[in-house]
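Working notes, beginning with the structure itself.
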Amino acid sequence: MLHPKAKGAAVQNDPDTTLVTATGPIANVTHGGRAKCLQRLVRLDLPVPRTVALSFDAVHKIAKGEMPDVASVVAAMPDGALMCVRPSSQDPDWGGPGAVLNIGINDTRFEELCDSIGEEAAARLYTRFVQGYSINVARLDPDMFDDVSGQGRAALTQSLRAYEIETEEQFPQDPEVQLTGVLRSMARAWNGTSARLLRQAKGAPADAGLGLVVQEMAFGVGNGQCGSGVLQLVDSDTGLRQITGRYLSQSQGRDALASGAGSLYLTRDARGPSLEELAPEAFKELTEHAALMRRKLRAEMQVEFVIEDGKLHILDGVVVARSSRASVKIAVALADEGIIPREEALMRVEPRTLTELLHRQIDPRFTRDVIGRGIAASPGAATGRIVFSATEAQALAARGEACILIRRETSPEDIRGMHAAAGVLTERGGVTSHAAVIGRGLGLPCVVGVSDIKFNLSKKQMTTKDGRVFGEGDEITVDGSSGTILAGSAQMIEAALDENFTRLMGWAEDVADIGVRANADTPADAQTARNFNAHGIGLCRTEHMFFEQGRLTVMREMIFAETGEDRRAVLERLLPMQRDDFKELFRIMQGQSVCIRLFDPPLHEFLPMHKAGQRELADALNLPLSDVTRRIEAMSEYNPMLGLRGVRLGVTVPEIYEMQARAIFEATVEVSRDGDPVVPEIMIPLVSARREVELVKTAIDAVAAAVRTEQDSSFEYRLGIMVETPRAALMAGEIAPHCAFLSFGTNDLTQMTYGLSRDDAGRFMSDYVQQGVFAEDPFHMLDTQGVGELLKLGAERGRAAQPGITISLCGEHGGNPESIAFCRDAGFDYVSCSPFRVPVARLAAAQLAI
Ligand code: PEP
Ligand code: MG
């Protein structure tokens, strides 16, 4: 027998088939993650069986039919060793063909094994290999083994016979032939269409390579204590330190995890026997190795091991699978112990997964009874009884019962119902529809555009695709994270805003170099924004303040006023309410910037759509019903989103903006008296022409001057515009000199750039995405090519005309890591997003700066 070192000499110097030693040239990008990891384990002097790594190049050639020197690979193994082959892709998430065990077994080795490990065990190994080889390598029909009966030698003989009948050849006895076949089939499997599509869906590039590792088998079967298992030092759900895993005597591969029956716990456990009791020394050694791997590989690892006659072998290590909560806990713990720097801890957490920590989620282990799907509009999950109106939602909430509000789409009239509901479901709408925006603001689980359920709102019923009917009072669950609707209740995991989360966010704050503000309309939103340490409010949609109880009627009275004078009189009554709103926002934000957007929507959005509401309004205003319906009809527009709204209202009905400006300034004076001076930001929506800004600015300056005189105060304020029409972006050079800031409203800007209704696009968006017309829903993922071009151009022209002007983005895209990267590259000062997306945005911003 050759000395093992000498035996490996042939492969040692070949970069395509490299014996894994402490020093060989092995990297993720040439041999894959598994080979790299095994090399690290060898460097740590862990008991790793002899391993040869085949490079991406070698495997690529194998797929084309050019075999490497297989004889030298076999020769590198100890004499007579059986082998296994496992995939080694660059990123373990990209998968790969399943491992093949016990290569090299043949009639002679079988007889030898009968002596060493017993006939029963030896026959089991050989039969498993014959059947696996026949199906995966020789590509024979799996049915051919259906008639194999019995166990042990009988089953083996039948399997070998079946192979011979089918191929008219003897089962290959030469280990080199067997290994060649296995390598070829694994290399080809990687190039199969479904494997390719699967890994590309996980982010793998089209030309992703596969490496393979050939490893000497450590038997988990035989005499003495033999078995295999996996161990990790943390709990995958919580990230808490706890030895977990399974061990199965007389087993190989991942049998211990698969079988359940007969497998043991690792540590001494009240639930049953454990490896710690069965093989205390191997267990001790194993936990020491695992701790060393954690420290040196700088990650929580799942260790795959085999015990062979009491002797421990470490076969492999992979980074542990973990929940979002666990990934935060693990990253923080590794940084705290000095194993990784804080920057790396920040990079280890996927920003989007933080949403799972911020909201209740359905337990992933729970079996879902899905009855419908729509657009995941606001994350989190909630169970409740079905209600079909805001009034019913409030009634149920008053009784302390959770409810799910179902509407065709929501309107301002539903806001109170949304506050009362645990979750919302709408038949229509997309990611920027009313229900979606309000839902995200409130942190309320919401699914919109549910087109596969039939809703009969007058009958208060909904019918699912499979014909099940649900009515008022029936219990359902809304999962706004996945966009699914479930029958009945579901097992939940609570939000986990623990100390680890807070600390990670603190570290993000230290490195991020683009600001993150929150879109906050109410004191509750502002408080959430403050709790998440947002850098101020980037968008306060003031119209949302008028939907509150008591105000809607006054608002409607204002809309119905015949003359400017009458309107001013009603606005006088709204003034103190608005002033109180702003005072509260300024106080909560404690000196941080608060950007208040003046009134934006078309006025008729505030009017009741249905007869009952119109009757109530006629009653409240003491008008004949016919007057009310006539006025509502007269105000309706063919295309309200492009009609009398935003600054167009400010120009034509100036009293509203004047009242709002006064409320802002009076609140500024009052709050500045008891603390730091407040410098409010006032934002004009839907601008498309310079003159609009000039007119509104003159009016607001006049209100500011009046309040300064009346209050004997000298406050400052900043005026800016929302860039949400393509023309505003194009004219930014002309408009910017009148502004302190430009904030891109990418919801409307996307709508207007595409000529695509943000409220109706949900109906056909999935078809468009499926057919590849759009890569993604542009209301969800910023269209960096088209809309992005307008952003860059607007920012450049604005800056050229007014150096130092503040540039930001406040559309729903503000919380997307990809949009934040775009804004940062374009030199924006900040992004603003829903309060519950602030942590995601802050982590994404930090990662961009690292
Ligand atoms: C926008 O249009 O991007 C925006 C932030 O305003 P809203 O969603 O209120 O129209
Ligand atoms: Mg807008």
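The values are calculated or read from the model by the stated rules, or taken from the named source; none is laboratory data. Quick caveat, the model's predicted, so the values are computed rather than measured. With ideal geometry, Cβ positions are generated from the backbone for all residues, glycine too; neighbour counts draw on all protein chains shown.
Key figures
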| quantity | calculated |
| --- | --- |
| Single unsatisfied condition, Thr652 versus (1) modelled with pLDDT of 95 or more; (2) under 42 Å from the mean Cα position of the chain (by Cα); (3) surrounded by fewer than 22 Cβ atoms within 10 Å (Cβ to Cβ) | (2) |
| Members of region 373-390 that are out of contact with any Lys or Arg (no Cβ under 9 Å at 6 or more places or on another chain) and among the polar types (S, T, N, Q) | Thr383 |
| Pair list, Cβ under 8 Å, 6 or more apart: region 71-84 residue buried (at least 21 other Cβ atoms within 10 Å of the Cβ), other residue part of a helix (DSSP H, G or I) and among the basic types (Lys, Arg) | Ala76/Lys7; Met77/Lys7; Leu82/Arg109 |
| Identity of the residue in region 753-771, in contact (Cβ under 8 Å) with a residue 12 or more places away in the chain and surrounded by fewer than 23 Cβ atoms within 10 Å (Cβ to Cβ), that ends up farthest from ligand 2 (Cβ to nearest atom) | Arg763 |
| Inter-residue pairs, beta-carbon under 6 Å, first more than 13 Å from Val448 (Cα to Cα) and in region 405-427, second of a type in the set (Val, Ile, Thr), 6+ apart | Met418/Val424; Met418/Ile438 |
| Test: Leu686 is in the same structural domain as Val594 (by TED's automatic domain parsing), free of Cβ contacts under 8 Å to residues at least 40 places away in the same chain and not in a helix (DSSP H, G or I) | no |
| Filtered residues of region 510-534 (kept if assigned to a helix (DSSP H, G or I) and in contact with a helix residue (DSSP H, G or I) (Cβ under 7 Å, 6 or more places away or on another chain)) | Val511, Pro523, Asp525, Ala526, Gln527, Thr528, Ala529, Arg530 |
| Options Glu168, Glu176; residue that is assigned by TED's automatic domain parsing to the domain that holds Gly95 and surrounded by fewer than 13 Cβ atoms within 10 Å (Cβ to Cβ) | Glu168 |
| Checklist (1) of a type in the set (Lys, Arg); (2) closer than 21 Å to Arg573 by Cα; (3) within 16 Å of ligand 1 (Cβ to nearest atom) applied to Arg648, failing item | (2) |
| Any hit, region 388-401, residues being buried (at least 22 other Cβ atoms within 10 Å of the Cβ), within 24 Å of Arg541 (Cβ to Cβ), more than 16 Å from ligand 2 (Cβ to nearest atom) and of a type outside the set (Lys, Arg) | yes |
| Some residue of region 571-590 being within 16 Å of ligand 1 (Cβ to nearest atom), in contact with a strand residue (DSSP E or B) (Cβ under 7 Å, 6 or more places away or on another chain) and either outside any helix (DSSP H, G or I) or farther than 22 Å from Leu357 by Cβ (or both) | no |
| Failed item, numbered, when Thr725 is tested on (1) within 16 Å of ligand 2 (Cβ to nearest atom); (2) touching a helix residue (DSSP H, G or I) at 6+ places or on another chain (Cβ under 8 Å); (3) in contact (Cβ under 8 Å) with a residue 40 or more places away in the chain; (4) closer than 18 Å to Arg645 by Cβ | (3) |
| Filter result (surrounded by 12 or more Cβ atoms within 10 Å (Cβ to Cβ) and under 30 Å from Leu695 (Cβ atoms)) within region 619-635 | Arg631, Ile632, Met635 |
| Breaking point among (1) at pLDDT below 90; (2) surrounded by 21 or more Cβ atoms within 10 Å (Cβ to Cβ); (3) not assigned by TED's automatic domain parsing to the domain that holds Asn747, for Asp498 | (2) |
| Subset of region 411-432 [part of a loop (DSSP other than H, G, I, E, B) and in contact with a helix residue (DSSP H, G or I) (Cβ under 7 Å, 6 or more places away or on another chain)] | Ser411, Ala421, Arg428, Gly429, Gly430, Val431, Thr432 |
| Residue match in region 139-162 (condition: in the same structural domain as Thr30 (by TED's automatic domain parsing) and touching a Leu at 6+ places or on another chain (Cβ under 8 Å)) | no |
| Candidate set: region 786-814, residues that are of a type in the set (A, V, I, L, M) and under 13 Å from Tyr830 (Cα atoms); chosen: the one farthest from ligand 1 (Cβ to nearest atom) | Ile805 |
| Residue count for region 535-558, restricted to those that are more than 16 Å from ligand 1 (Cβ to nearest atom) and in a helix (DSSP H, G or I) | 8 |
| Lone unmet requirement of (1) part of a strand (DSSP E or B); (2) touching a Pro at 6+ places or on another chain (Cβ under 8 Å) for Gly441 | (1) |
| Elements of type helices (runs of 4 or more DSSP H) contained in region 1-119, each with 1 or more residues being modelled with pLDDT of 90 or more and more than 24 Å from Asp255 (Cα to Cα) | 28-31, 33-43, 56-63, 70-76, 107-117 |
| Residue list for region 793-831, restricted to those being hydroxyl-bearing (Ser, Thr, Tyr) and crowded, with 23+ Cβ neighbours inside 10 Å | Ser808, Ser819, Tyr830 |
| Any pair with Cβ under 9 angstrom, 6 or more apart, that starts in region 206-220 at a residue that is more than 11 Å from Ser88 (Cβ to Cβ) and ends at one that is among the small types (Gly, Ala, Ser) and part of a loop (DSSP other than H, G, I, E, B) | Glu216/Ala81; Met217/Ala81; Met217/Gly104; Gly220/Ser251; Gly220/Gly253 |
| For Gly772: the one exception among (1) within 15 Å of ligand 1 (Cβ to nearest atom); (2) more than 21 Å from Thr426 (Cβ to Cβ); (3) small (Gly, Ala, Ser) | (1) |
| Residues of region 679-695 satisfying the condition of being within 14 Å of ligand 1 (Cβ to nearest atom), under 17 Å from Arg718 (Cα atoms) and hydrophobic (A, V, I, L, M, F, W, C) | Met683, Ile684, Val687 |
| Test set (1) within 34 Å of the chain's Cα centre (by Cα); (2) over 21 Å from Leu125 (Cα atoms); (3) in contact (Cβ under 8 Å) with a residue 12 or more places away in the chain - Gln242 fails condition number | (3) |
| Flag for Gly203 being assigned to a loop (DSSP other than H, G, I, E, B) and crowded, with 18+ Cβ neighbours inside 10 Å | no |
| 3 or more residues over 21 Å from Asp237 (Cα atoms) and among the hydrophobic types (A, V, I, L, M, F, W, C): qualifying helices (runs of 4 or more DSSP H) within region 266-343 | 280-297 |
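Each row is one residue, and each column tells you yes or no for (1) more than 30 Å from Arg408 (Cα to Cα); (2) within 16 Å of ligand 1 (Cβ to nearest atom).
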residue: Asp701; (1), (2): yes, no
residue: Ser714; (1), (2): yes, no
residue: Tyr717; (1), (2): yes, no
residue: Ala729; (1), (2): yes, yes
residue: Ala736; (1), (2): yes, no
residue: Asp759; (1), (2): no, yes
residue: Phe764; (1), (2): no, no
residue: Asp767; (1), (2): no, no
